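Student: Before I ask anything, here is the structure I am working with.
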Amino acid sequence: MEHVVRRYGLEQGALEVQYIEEHFSEFRHPKTADAIASRLRGRECLILMSMAPASEDDDALIPVAFKVGHELKAAETHPDLADLVRELDSCVRFAERKVFYSWIGGTRTEWREQGHYRALTEQQEQWAHDQGYHEMVVKTKNRFYAMRSTLARLQFDVVKLQPDPDDAAASKLYLSKRIGAELLRGHRTVRTVEETR
Ligand SMILES: CC(C)(COP(=O)(O)OP(=O)(O)OC[C@H]1O[C@@H](n2cnc3c(N)ncnc32)[C@H](O)[C@@H]1OP(=O)(O)O)[C@@H](O)C(=O)NCCC(=O)NCCS
């Protein structure tokens, strides 16, 4: 299967992410386009969507999966990102390296287990490699079991557990992957990438 991956510019991409997040029951606090754009503005970032026909007899493609990430620097001033860097400090080296944070993503229920998230992950890795990144990090929680299994299949390594003493399911996991030519050689999806500004 060939995946159609669409890359969006900041403003349109932020709107598309807001729309697609409304289809997920897992996101308790869906993000607004404003919040997404304000996090990404001024940072190197990548907004990707995987496209599929809306129904079997439909030729028109709609976004069915998404993945958004951005550069993460040692000297972040945004409070959430400064906290994230502090948590990662013991397990990710920032000095003289480019670190990419794979921030949010998912696949709509009806289109799961068709390779959309793998296609987006591989495209994100391809782009990160092209941009000179050394490492990709991602954060999840114990209770997101499907995401944890998927990240394991995609060969992310757990680099840190931040336990929640009251609720193990809410404990946070930090995972990472080194970006390099060898990683790209292991990619399995066939992708067409469309640029949308
Ligand atoms: C996790 C999620 C992104 C997977 O998306 P997807 O498009 O179905 O994933 P893919 O089809 O690309 O699968 C990628 C790999 O993960 C595996 N996988 C996917 N869902 C899985 C599941 N529920 N259990 C075990 N493995 C799973 C696939 O078998 C595949 O492995 P392979 O490529 O080695 O054969 C999707 O289920 C999702 O959006 N879930 C909700 C997101 C969420 O909980 N977010 C909370 C914040 S982190």
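Rule-based calculations on the coordinates, nothing more; no lab input. No experiment lies behind these values; they were computed from the predicted model shown. Here the Cβ positions follow ideal geometry from the backbone for every residue, glycine too, while neighbour counts run over all protein chains shown.
Student: Quick one: which of 176-183, 63-70 comes out on top by average Cβ neighbours within 10 Å, and what's the full order, highest first?
Tutor: Result, highest mean first: 63-70, 176-183.
Student: Right, another one. Could you work out [θ]222 nm for the chain from helices alone, using -39500 (n - 2.57) per DSSP H run of at least four and dividing by all its residues? Round to the nearest 500 deg cm²/dmol.
Tutor: After summing the helix terms and dividing by the residues of the chain, the value is -8500 deg cm²/dmol.
Student: If you fit an axis through the alpha-carbon atoms of helix 116-130 and take the longest principal axis of the Cα set of the chain, what angle between them do you get, 0 to 90°, nearest 10?
Tutor: So the helix axis and the longest Cα principal axis differ by about 60 degrees.
Student: Calculate, for Leu184 and Met1, the FRET efficiency according to 1/(1 + (r/R0)^6) with r their C-beta to C-beta distance and R0 22 Å; round to the nearest 0.05.
Tutor: 0.65
Student: Hey, another quick one. Cut-off under 21 Å on the C-alpha distance; same-chain residues fewer than 8 positions from Lys67 excluded. Which lysines are left, in chain and number order?
Tutor: Lys31, Lys98, Lys139, Lys141, Lys172, Lys177
Student: If packing is taken as the average count of other Cβ atoms within 10 Å, what order do 136-144, 151-159 fall into, highest mean first?
Tutor: Going by the mean number of other Cβ atoms within 10 Å, highest first, we get 136-144, 151-159.
Student: Counting only DSSP beta bridges with both residues in region 2-196, tell me the antiparallel percent, nearest 5.
Tutor: 75
Student: So, one more: To the nearest 10 degrees, how steeply does helix 10-21 sit against the main Cα axis of the chain, on a 0 to 90 scale?
Tutor: 80
Student: Please arrange Cys91, Cys45 by counting, for each residue, the other beta carbons lying within 10 Å of its beta carbon, fewest first.
Tutor: Placing the least packed residue first, the sequence is Cys91, Cys45.
Student: Across every pair of different alpha-carbon atoms, what Kirkwood hydrodynamic radius in Å does the chain reach?
Tutor: 17.4
Student: Related question: If I fit a long axis through the Cα atoms of helix 79-88 and take the longest principal axis of the Cα atoms of the chain, what angle between them do I get, 0 to 90°, rounded to 10?
Tutor: 70
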